[in-house]
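S.K.: Handing you this structure, nothing more for now.
The numbers here are math on the coordinates, done by the rules we state, and not lab data. These numbers come from a predicted model, not from an experiment. Cβ atoms come from the backbone with ideal geometry, glycine included; neighbour counts cover every protein chain shown.
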Amino acid sequence: MKVPYNYLPMQFADVERIISEWRQLISTTEFTLGPYVERFERQFSEYLGVKHCISTNTGTDALILALKSVGIGNGDEVITVTNTFYATVGAIVATGATPVFIDSDDRFQIDVDKIVPAVTNRTKAVIPVHWAGASPDLNALSTICSEHNIYLIEDACMGIGASVSGKPAGTYSSVSGFSLHPLKSLHVMGDGGMTATNDDDLARWLRTYRNHGMVDRDHITMWGINNRLQPLQAVVASIELESIDKTIRKRHTNAKILDSGLSDLSDRIFLPERKQSNVENFSLYMGLFQDRDALRAYLEHFDIETKVHYPIPLHLQAAASNLPYTKGDFPNSEKQAEELLTLPVHQYLEEEHVQYMVKKIHDFYD
Ligand SMILES: *Cc1c(COP(=O)(O)O)cnc(C)c1O
């Protein structure tokens, strides 16, 4: 039996619907912003229950624009985690601000107890990440940020469909960013991103900035950039949004089988706590596995594809050599990086695939 990690060939096996909607779009020649992009922005803001969603070209851009919209730039510090995807920190650096790393907790989320000690008089924002499609403690984060008068900007790039205390990922912040990259819970056939805010002024700024600063064809009110979502991708996003709840339900079913099937190996495998207050989207099914690399090779031999997200925490990357960090600074993230393994959990796996994985993992430790 083969257990593939990549679900895209199955997801896009039948593209008739997409192509037929593309034909309609092509016949209108609405190739820059226009009705298809506006439709998806409206649908996505209804889905989240926020006032404004402004699409961008990528999730990275969504984070850069979110940061810039609240005025973050040169000389500012932005606190985030060291166990995230490069782009969280790349976005901070792209604005001219300095990233300040802190450690992860045992759920692989930002350790909220480490935030206050990292705040200085230059701290402008905290970017928590909805890592793996689970979520950090956003109620605690909201309190910390308002007490210290700093912005909360969620990196909800992996968080579409996740929620905390009934509130969707990406709706706790002044402004947040989402990714529509093919490996995210809601995605297009290439790159795409989205920002979300309830603030009318931030929304106006974001809309204007991502489209050259134009208020109309002949007038600009600021020096903007071109950062527009492609209408062809907006069509795909609208179609995919129809099935996201079903997709996440299936991922839950598969994750439950893994959680219970692996629970008797708790001396070898550490699985993060599943918080009652959170709905996870299982973008990634991650745990800490003893003898990770040997297990990975063993599973590969039995056609079970796994990943590591990621083997090197960001403070130990060459790109971070100008920042004041060394090995040992963030022990939890460093230990996790050595033992993390991501198992396939996607919506095209049936119970037999998941049980096969559980069996092979038991065989390995036996
Ligand atoms: C994917 C991802 C991004 C970047 O999104 P892109 O659309 O690939 O630019 C940023 N942060 C996190 C946590 C991500 O997973």
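S.K.: From the helices alone, meaning DSSP H stretches of at least four residues, give me the mean residue ellipticity at 222 nm for the chain, per-run term -39500 (n - 2.57), in deg cm²/dmol to the nearest 500.
M.R.: Calculated at 222 nm, the ellipticity per residue is -11500 deg cm²/dmol.
S.K.: Among 165-173, 273-281, 8-16, what's the highest-first ranking by average C-beta atoms within 10 angstrom per residue?
M.R.: Result, highest mean first: 165-173, 273-281, 8-16.
S.K.: Take the cross-link list 114/246; 256/327; 307/360; 167/359; 51/114 and give me the ones stretching past 28 Å between alpha-carbons.
M.R.: Cα-Cα > 28 Å for 114/246; 256/327; 167/359; 51/114; rest within.
S.K.: Please give the charge dipole size of region 244-365, origin at the Cα centre, charges +1 on K and R Cβ atoms and -1 on D and E Cβ atoms. Round to the nearest 20 debye.
M.R.: Here region 244-365 has a charge dipole of around 360 debye.
S.K.: Just 117, 331, 344 to compare: in a GNM of the chain, with alpha carbon springs under 10 Å, which one fluctuates most?
M.R.: Residue with maximal mean-square fluctuation among 117, 331, 344: 117.
S.K.: What percent does the relative contact order of region 8-241 come to when contacts are Cα pairs within less than 8 Å and at least six residues apart?
M.R.: Dividing the mean separation by the residue count of region 8-241 yields 25 percent.
S.K.: Another question, then. Please report, largest first and rounded to whole Å, the three semi-axes of the ellipsoid equivalent to region 35-189, where each semi-axis is the square root of five times an eigenvalue of the C-alpha gyration tensor.
M.R.: Values for region 35-189, descending: 24, 17, 14 Å.
S.K.: If packing is taken as the average number of other Cβ atoms within 10 Å across a peptide's residues, how do 20-26, 333-339 rank, most packed first?
M.R.: Ranking, from highest mean packing down: 333-339, 20-26.
S.K.: Let me ask another. Loop-only trypsin sites (Lys or Arg not before Pro) in region 180-254, please: DSSP not H, G, I, E or B, and at most 13 other Cβ atoms within 10 Å.
M.R.: Of the trypsin sites (Lys or Arg not before Pro), the ones in loops of region 180-254 whose Cβ has at most 13 other Cβ atoms within 10 Å are 217.
S.K.: How compact and how long is the chain, expressed as Rg and Dmax of its alpha-carbon atoms in Å?
M.R.: My reading of the Cα-based Rg and Dmax gives 20.8, 71 Å.
S.K.: Using +1 at the C-beta of Lys and Arg and -1 at the C-beta of Asp and Glu, which of 178, 232, 160 has the Cα lying farthest in the positive direction of the dipole of region 127-239?
M.R.: So the residue we want is 232.
S.K.: Residue 305's amide H: which non-local residues (gap 5+, or another chain) put their own amide H closer than 5 Å, with H modeled 1.01 Å from N in plane and none for Pro or chain starts?
M.R.: Answer set, sorted by chain and number: 3, 5.
S.K.: Check residue 215: other-chain or 5+ apart residues with amide H under 5 Å from its amide H, H built from backbone geometry?
M.R.: Under 5 Å from the amide H of residue 215 lie the amide H atoms of 220, 221, each far enough along the sequence or on another chain.
S.K.: A further question follows. Given H placed on each backbone N at 1.01 Å, which residues far from residue 164 in sequence or on other chains put an amide H within less than 5 Å of it?
M.R.: Close amide H contacts, sequence-distant or interchain: 169, 279.
S.K.: Let me ask another. Using θ = phi - 60° and the Karplus curve 6.51 cos²θ - 1.76 cosθ + 1.60, what whole-Hz ³J(HN,Hα) does each residue of region 72-81 get, with Gly and Pro shown as x?
M.R.: Once rounded to whole Hz, the list reads 6, x, 3, x, 8, 10, 10, 8, 8, 8.
S.K.: OK, next. About the Cα centre of region 8-241, what is the dipole size in debye to 20, counting +1 per Lys and Arg Cβ and -1 per Asp and Glu Cβ, all else neutral?
M.R.: On the way: 17 positive and 26 negative charges, 83 e Å.
Magnitude of the dipole: close to 400 debye.
S.K.: Separate question: Provide the per-residue ³J(HN,Hα) series for region 344-350, in order, calculated from phi with Karplus coefficients 6.51, -1.76, 1.60 and θ = phi - 60°, each as a whole number of Hz, with x at glycine and proline positions.
M.R.: x, 9, 5, 6, 9, 8, 9
S.K.: Could you give each residue of region 113-121 its phi-based ³J(HN,Hα) in whole Hz, using Karplus coefficients 6.51, -1.76, 1.60 with θ = phi - 60°, and x for Gly or Pro?
M.R.: Rounded to whole hertz, the list is 5, 9, 6, 4, x, 8, 6, 10, 6.
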